[in-house]
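The values are calculated or read from the model by the stated rules, or taken from the named source; none is laboratory data. A quick note: this is a predicted structure, and the numbers were derived from the prediction, not measured. Cβ sites come from the backbone with ideal geometry, for glycine too, and all protein chains shown count toward neighbours.
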């Protein structure tokens, strides 16, 4: 009998261990998370976090998990992405295609509608599953308030600025200790539109957001919630120049930071993440099964006890691109114009454990291209293209920098005319408009400091024309491009080659033409209907990689 008792005890112990191990292995949700707080900063890019003074977010990254390249849905604008983030699906499901969307004003109805006739959000879904839970939202941008179910929230406030919104939100956290709360800050986006993304003003706005996130963390601590709260910091889109909405890395990638209860420390998430994964992640943290109509997936690898997906396919991961100095600024390309002097080229490798390689003939670098080790000089117009490669064989996108070198007293340049305008929504007939200023320029483009004093007090509508001669060294088929905000056209020998007319942000249009060797008359017409403005003219052809039309090939006279 004593031997049987020992046998029964041993069998019971082994079964208990087996069941315990099985329970731990098959846990459905992370334990101990009783509150989820989200701070969403409109237009805060990964570059903004990396470049600005952001000690709070960097501390969260050090003690939490981060995904640096979360992909937005398209278009990379506010309403579609904030909606996708809280609705757990993309535009094809919720139907919010642009910032003009309204609850009774849309073209694509939601695939599924809830009681308020909108696609189900994380706000409404938490309320459905926890009907007595405290749920709140404070937002600086009024438009955010139309995206969630009003009946689902206990606290709903729209505040006029980032500070009052944060103070209101902090008071709410400390007084109500919500299960779920969302703070939306809009000031970074405002600065991006007014002063430009990547400007000192932009980085100061990101630093401001960082300090406000610090206040939220302090409020969580003062509320006694620090040990059981998941805090998520995210954004809806990035930006380039004075805007966003396009399909570029700068516009369509954001960072997402998770910290607090249940989150790994110092972890970089490998799983591919989209903005619409936010809602599923919140539901996962709160032990709530998401609705089937959501397509987002929880970011499980950020949580202690969960690894990356077994079927995760990384392929060739895109690492951060290097910087080639002078670095691009707003819409201005990397590189620069150098008059009677050589150009100094300096590069910075941004990706960790990576090297940068480059070419000087316009070709895409490979792993065997020239290795950047120290700054070097250029004596003639050159397109420098750089890429970074890490130790795992991953590569960045190529970065092109355009170094234009020109000498004075050789007749280089184009002649420009400035025309004040009013009410234009397309290029005017410039022969019918009076020019009020003219000048010679080495290149085809707009100098903001030169243009701003020429504008009327109450109008930013104007036009500029550029005329001169383009030297073609080798005959053949040439492609020309204009990148403009708003409209532009490019003519060669009086023939329209590029039509980029109309009101729009910075977009590129292309046209082709056969040219013989020698000088050809070139004319570019441009207008700005209002707001920000930009113009670039580019070309490529036999032996000529795509580049800004260089000053060394532009002449004021035919001979």
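Check 94, 193 and return the single one that is surrounded by 23 or more Cβ atoms within 10 Å (Cβ to Cβ) and either in contact (Cβ under 8 Å) with a residue 40 or more places away in the chain or in contact with a helix residue (DSSP H, G or I) (Cβ under 9 Å, 6 or more places away or on another chain) (or both).
94 is the lone residue from the list that is surrounded by 23 or more Cβ atoms within 10 Å (Cβ to Cβ) and either in contact (Cβ under 8 Å) with a residue 40 or more places away in the chain or in contact with a helix residue (DSSP H, G or I) (Cβ under 9 Å, 6 or more places away or on another chain) (or both).
Please go through region 210-239 and pick out each residue that is in contact (Cβ under 8 Å) with a residue 60 or more places away in the chain and not in a helix (DSSP H, G or I).
Correct list: 225, 229, 230, 231, 232, 233, 234, 235, 236, 237, 238, 239.
Given 276, 329, which one is within 29 Å of residue 186 (Cα to Cα) and surrounded by fewer than 17 Cβ atoms within 10 Å (Cβ to Cβ)?
Checking each option against the conditions leaves just 329.
Does residue 126 satisfy the criteria of being surrounded by 15 or more Cβ atoms within 10 Å (Cβ to Cβ), in contact (Cβ under 8 Å) with a residue 60 or more places away in the chain and over 29 Å from residue 204 (Cβ atoms)?
yes
To keep it simple, each residue is scored yes or no on (1) assigned to a loop (DSSP other than H, G, I, E, B); (2) in contact (Cβ under 8 Å) with a residue 40 or more places away in the chain; (3) within 30 Å of residue 411 (Cβ to Cβ).
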| residue | (1), (2), (3) |
| --- | --- |
| 250 | no, yes, no |
| 270 | yes, yes, no |
| 288 | yes, yes, no |
| 298 | yes, no, no |
| 307 | yes, no, no |
| 312 | yes, yes, no |
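Considering only residues of region 361-384 that are touching a residue at least 60 places away in the same chain (Cβ under 8 Å) and touching a strand residue (DSSP E or B) at 6+ places or on another chain (Cβ under 6 Å), which is farthest from residue 539 (Cα to Cα)?
The residue in question is 380.
Has region 23-31 got at least one residue that is buried (at least 21 other Cβ atoms within 10 Å of the Cβ) and either at pLDDT 95 or above or over 13 Å from residue 234 (Cα atoms) (or both)?
Yes, some residue in region 23-31 is buried (at least 21 other Cβ atoms within 10 Å of the Cβ) and either at pLDDT 95 or above or over 13 Å from residue 234 (Cα atoms) (or both).
Which of the residues spanning region 392-449 are outside any loop (DSSP other than H, G, I, E, B) and more than 24 Å from residue 464 (Cβ to Cβ)?
Hits for region 392-449 are 395, 396, 399, 400, 401, 403, 405.
Select, from 89, 137, 65, 43, the only residue that is surrounded by 21 or more Cβ atoms within 10 Å (Cβ to Cβ), on the phi > 0 side of the Ramachandran plot and either in contact with a strand residue (DSSP E or B) (Cβ under 6 Å, 6 or more places away or on another chain) or in the same structural domain as residue 218 (by TED's automatic domain parsing) (or both).
When all the criteria are applied, what remains is 43.
In this structure, is residue 155 free of Cβ contacts under 8 Å to residues at least 40 places away in the same chain and in the same structural domain as residue 49 (by TED's automatic domain parsing)?
For residue 155, the condition - free of Cβ contacts under 8 Å to residues at least 40 places away in the same chain and in the same structural domain as residue 49 (by TED's automatic domain parsing) - is met.
Which members of region 486-508 meet the condition of being buried (at least 19 other Cβ atoms within 10 Å of the Cβ) and farther than 22 Å from residue 419 by Cα?
The answer is 497, and nothing else.
Does residue 349 qualify as being surrounded by fewer than 20 Cβ atoms within 10 Å (Cβ to Cβ), outside the structural domain of residue 543 (by TED's automatic domain parsing) and either farther than 30 Å from residue 447 by Cβ or in contact with a helix residue (DSSP H, G or I) (Cβ under 9 Å, 6 or more places away or on another chain) (or both)?
no
Select from region 362-373 the residues that are at pLDDT 95 or above and either closer than 17 Å to residue 404 by Cα or surrounded by 16 or more Cβ atoms within 10 Å (Cβ to Cβ) (or both) and write down the one among them that is nearest to the chain's Cα centre (by Cα).
365
Restricting the search to region 509-542, which residues are loosely packed, with under 15 Cβ neighbours inside 10 Å, assigned to a strand (DSSP E or B) and touching a residue at least 40 places away in the same chain (Cβ under 8 Å)?
518, 521
What residue, of 160, 178, 120, is more than 29 Å from the chain's Cα centre (by Cα) and at pLDDT 95 or above?
Matching residue, one of 160, 178, 120: 178.
Name the residue, out of 160, 131, that is in the same structural domain as residue 278 (by TED's automatic domain parsing), within 26 Å of residue 226 (Cα to Cα) and in a loop (DSSP other than H, G, I, E, B).
Within the list 160, 131, the selection yields 131.
Based on this model, can you work out whether residue 389 counts as in contact with a helix residue (DSSP H, G or I) (Cβ under 8 Å, 6 or more places away or on another chain), in a strand (DSSP E or B), modelled with pLDDT of 95 or more and surrounded by 13 or more Cβ atoms within 10 Å (Cβ to Cβ)?
The answer is no for residue 389.
Using the structure shown, decide if residue 335 is assigned to a strand (DSSP E or B) and surrounded by 21 or more Cβ atoms within 10 Å (Cβ to Cβ).
Taking the combined requirement at face value, the residue satisfies it.
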